[in-house]
Amino acid sequence: MKGILVFLFCLNAYAATQPSDCGSYDIYGRMEKSKTPGEFQYVVNGGTVSQYKFKLPPVQEMKLAPYLEQSSRIRATISKIITDFNGEFSKIEKVEDVVPDPAKLTKQHGFFLVKKEKCK
């Protein structure tokens, strides 16, 4: 019985964080240094099986630079379907610092669709 409940919880948690549509999203994650020298990436669900990495062009890196290695929430547009947990933002509209709440055992993470758009 416990196994079934854990399976259902994990299935729901995975489905809630996987972007399946193109459009504008509120995304919780953090900007990190890439393994490639001089490049940065935005990591969502870091350290989990459903970890997503987004390459950042230099223009977008400058917008996220003050938030390096910090939890943040961005509103970004994804215009291509994400493959193999790697993606790219076509536009970043705003960036906000996210302060973790120690009273909550779980933190906000993942993708939240704001406006659905047609994929390119």
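Pull up the cross-link candidates among the aspartates and glutamates for Lys80, meaning alpha carbon to alpha carbon under 13 Å and not fewer than 8 places away within one chain.
Within the straight-line cut-off, Lys80 pairs with Asp21, Glu88, Glu117.
Taking 0.36 nm per intervening residue step and subtracting the Cα-Cα distance, what contour gain separates Thr77 from Lys35 on full extension?
Length difference between fully extended and current span is 12.7 nm.
In nm, give the distance between the simple-model label positions of Gln108 and Ser50, each being 7 Å from the Cα along the Cα-to-Cβ direction.
Label-label distance for Gln108 and Ser50, simple model: 1.7 nm.
Taking N as the number of residues in the stretch 18-61, what is its alpha-carbon radius of gyration divided by 2.2 N^0.38 Å?
Ratio of Rg to 2.2 N^0.38 Å for the stretch 18-61: 1.21.
For Lys115, Lys35, write out the residues from largest to smallest accessible area, computed with a 1.4 angstrom probe and no ligands counted. It would help to have the intermediate numbers written out before the result.
Values: Lys115 125, Lys35 195 Å².
Largest accessible area first, the residues go Lys35, Lys115.
For the pairs Lys33/Lys63; Lys91/Lys115; Lys33/Lys120; Lys53/Lys91, note any where the Cα-Cα span goes beyond 25 Å. Kindly include the intermediate steps, with their values, before the conclusion.
On the way: Lys33/Lys63 15 Å; Lys91/Lys115 13 Å; Lys33/Lys120 28 Å; Lys53/Lys91 15 Å.
Long pairs (Cα-Cα over 25 Å): Lys33/Lys120.
The values are calculated or read from the model by the stated rules, or taken from the named source; none is laboratory data. Keep in mind that what you see is a predicted model, and the values were worked out from it rather than measured. Note that each Cβ is placed from the backbone with ideal geometry, even for glycine, and that neighbours are counted across all protein chains shown. For the accessible areas, the whole protein counts, side chains as well, though only heavy atoms, and no ligand, DNA or RNA atoms are used. Shrake-Rupley method; radii C 1.70, N 1.55, O 1.52, S 1.80 Å.
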